[in-house]
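What follows is calculated from the coordinates using simple rules that are stated; it is not laboratory data. If you're wondering where the values come from, they're calculated on a predicted model, not measured in any experiment. For neighbour counting, all protein chains shown are included, and Cβ atoms are generated from backbone atoms with ideal geometry for every residue, glycine included.
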Amino acid sequence: MKKENNLDKITRKEAIKKMGKYAALTAAGTFLILNPLKAQAQSTPPDPGGGLFD
């Protein structure tokens, strides 16, 4: 049988810490993207043109 390499394993505590960081980053990014005031400020107004020669 092959011995398992223990170098690539992390503890449960380390895994929870890493996932907590990712969750916080994801929550902050989602809030910034879905915040209506900032989303409205970032969006461009629709093109007023629409004629044949625009």
Scoring only Lys, Arg, Asp and Glu (+1, +1, -1, -1) among other residues with Cβ under 15 Å from the Cβ of Lys21 yields +2
Work out, step by step, the length gained on full extension between Arg12 and Thr26: first 0.36 nm times the residue separation, then minus their alpha carbon distance; give nm to one decimal.
-> 3.0 nm
